[in-house]
Amino acid sequence: MEPFLECLGASREVGRSAFMLHTDRNIYLDYGIKLFDESGKPKFPIPTTTKPDMMILSHAHLDHSGCLPSLYHHNKIRWYSTPPTMEICQMLWMDSMKINGSELPFRLAQFAKALKFWSPLLYEQTIQTGRTSMVLHDAGHISGASMIEIEHEEKTILYTGDFKCEETFMHKGAKLAKDVDVLITECTYAKKEHPPRKAAERKFMDEIHETIENGGNVLLPSFALGRTQELIAMIRHYDKNVPVFVDGMGREISKIYLRYPKYIKDPNAFRKNVHEVTSVADQTDRRLATRKPSVIITSAGMMNGGPVLNYLFNCNSESKVLFTGYCVDGTNGWKLQNHGFITKDEQDLYVDLPIEYIDFSAHAGRSDLLKFIKAANPQKVVLVHGDKPMDFAAELKEEHGLDAVAPLPGERIML
Ligand SMILES: [Zn+2]
Ligand SMILES: [Zn+2]
């Protein structure tokens, strides 16, 4: 039988990445959550009736991993990932149970069971099950992030997960893949080019220096995983002296990054960088951070909770809010950038500070995405993890002669 892919999420949407690949085995590829759907509620993968044999996780971001423990109500399947992915997941799952436990489709028992069924899989190490083999490659996205290459009866299927080709401060970037038969790729930025990285870095540092000279705080709402570490490394690369405070789970995740030095580009430099920033642990530290001009890197990146809301109303009027990542429509981060207010305890609170956005995405931009697809030269492209991938599918068909599809949620695609 020909292999096929069941799309359980991330189909014509970003969020809840979840797929089941059917070869001679039934293999889950990711099992994530969509943290905020249109109504602000979490959304989970579409359940499948097929009995799974195993699962492979591309990386720890909750939109790929956040529902994995829910597979352990009844299943006893092994799941595989790189070691940092598992350790970060453990922390993120625990945190999401604390924050919105009652809304999640799993409890502590499934969380504990899931951890027991984990097996490590390192980059470039192959595992074989039946007539299917699998290998992970560095995706250049966050620590431990992997592309999953599956080989079945002479067919090579590559699931990219989230990836970035360009070098950053933390990662060397994903290598181009060759001789792929079926490419299942994210296409978050299919329609958008990122600005040149170096110019964005210069603008970022100029904003920081200008605000500090005026006596303000630079507030950087950042995802604890990935973005916080990249910003620490970037700021310390350009400026060893500017006071930097790090608040939220990003501090703990930086420690995990350091425990797995092989998964980052320059562990020695990053170790030094982490020692050269101040960790914020409580309200006293928070007051200290805003008492003098400084940079404050704090979660949550989309401002839906986390210590960032505390800072927002405690910085002086010379301060500035600088976003460096994507905010989903309807989140506080989106509201602040588009309408100048956030919502807290059901109240709309207007913010008087200047707001800026500088794009430091950890995803491939449009031209890198096209370059990656062309190098892979696949017979079929399945576009996932994108807002409106139908246009991109049409473009790949018409301009590049590729058999490209943008599956619907729940659709089965023959590979
Ligand atoms: Zn990701
Ligand atoms: Zn993602």
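The values are calculated or read from the model by the stated rules, or taken from the named source; none is laboratory data. Just so you know, these numbers come straight off a predicted model, no measurement behind them. Because the Cβ atoms are built from the backbone with ideal geometry, glycine has one as well, and the counts that use them run over all protein chains shown. Note: accessible area is taken over every heavy atom of the protein model, side chains too, but ligands, DNA and RNA are not part of it. Shrake-Rupley method; radii C 1.70, N 1.55, O 1.52, S 1.80 Å.
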Checklist entry - Which of the aspartates and glutamates could a cross-linker span from LYS191 if the Cα-Cα distance has to be under 13 Å and same-chain partners fewer than 8 positions apart are dropped? => result ASP368, ASP387, ASP391, GLU395
Checklist outcome for this item: Taking N as the number of residues in the range 273-415, the ratio of its alpha carbon radius of gyration to 2.2 N^0.38 Å works out to 1.45
Next on the checklist: Just to confirm my numbers, what's the Cα centroid distance between the range 59-80 and the range 155-174 in Å?
Outcome noted: 22 Å
Next on the checklist: Treating the chain as a set of equal point scatterers at the Cα positions, no solvent, please give the Debye-formula log₁₀ I(q)/I(0) at q = 0.13 Å⁻¹.
Outcome noted: -1.12
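Which sequence of MET94, MET170 reflects their accessible areas, 1.4 Å probe, from the largest down?
On the way: MET94 80, MET170 5 Å².
Descending order: MET94, MET170.
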Item to check | Karplus 3J(HN,Hα) series, Hz, for the range 161-173 with 6.51 cos²θ - 1.76 cosθ + 1.60 (x for Gly, Pro) | outcome: x, 9, 9, 9, 8, 5, 6, 10, 5, 9, 9, 6, x
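In whole percent, what relative contact order does the chain give with Cα contacts below 8 Å and a gap of six or more residues?
Numbers: 920 pairs, mean separation 80.5, N = 415.
Relative CO of the chain lands at 19 percent.
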Checklist outcome for this item: In degrees rounded to 10, the 0-90 angle between helix 227-238 Cα long axis and the longest Cα principal axis of the chain is 50 degrees
Item to check | HIS194, HIS385, reordered so the largest accessible area comes first (probe 1.4 Å) | outcome: HIS194, HIS385
Next on the checklist: Tell me the angle of helix 366-376 to the major Cα principal axis of the chain, expressed in degrees between 0 and 90 and rounded to the nearest ten.
Outcome noted: 30 degrees
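About the Cα centre, and with charges only on the beta carbon of Lys, Arg (+1) and Asp, Glu (-1), how big is the dipole of the range 168-270? Nearest 20 debye, please.
Details: 17 positive and 14 negative charges, 83 e Å.
Using Cβ point charges on Lys, Arg, Asp and Glu, the range 168-270 gives about 400 debye.
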Checklist entry - Are there GluC sites (Glu not before Pro) in the range 189-233 that DSSP marks as loop and that have at most 15 other Cβ atoms within 10 Å, and which are they? => result GLU193
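Over the range 197-357, what relative contact order in percent results from Cα pairs under 8 Å that are six or more residues apart? Mind dumping the intermediate values first?
Details: 261 pairs, mean separation 49.5, N = 161.
Relative CO of the range 197-357 lands at 31 percent.
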Item to check | ARG25, ARG259, reordered so the largest accessible area comes first (probe 1.4 Å) | outcome: ARG259, ARG25
Checklist entry - For the range 294-300, what does the Karplus curve 6.51 cos²θ - 1.76 cosθ + 1.60, with θ = phi - 60°, yield as ³J(HN,Hα) per residue in whole Hz, taken in order and with x for Gly and Pro? => result 6, 9, 10, 9, 8, 8, 9
Checklist outcome for this item: Expressed in angstrom and rounded, the centroid-to-centroid distance over alpha carbons for the range 180-197 and the range 1-33 is 19 Å
Checklist entry - Which of the lysines could a cross-linker span from LYS192 if the Cα-Cα distance has to be under 17 Å and same-chain partners fewer than 8 positions apart are dropped? => result LYS164, LYS371, LYS388
Checklist entry - Taking N as the number of residues in the range 1-136, what value does Rg over Cα atoms divided by 2.2 N^0.38 Å take? => result 1.01
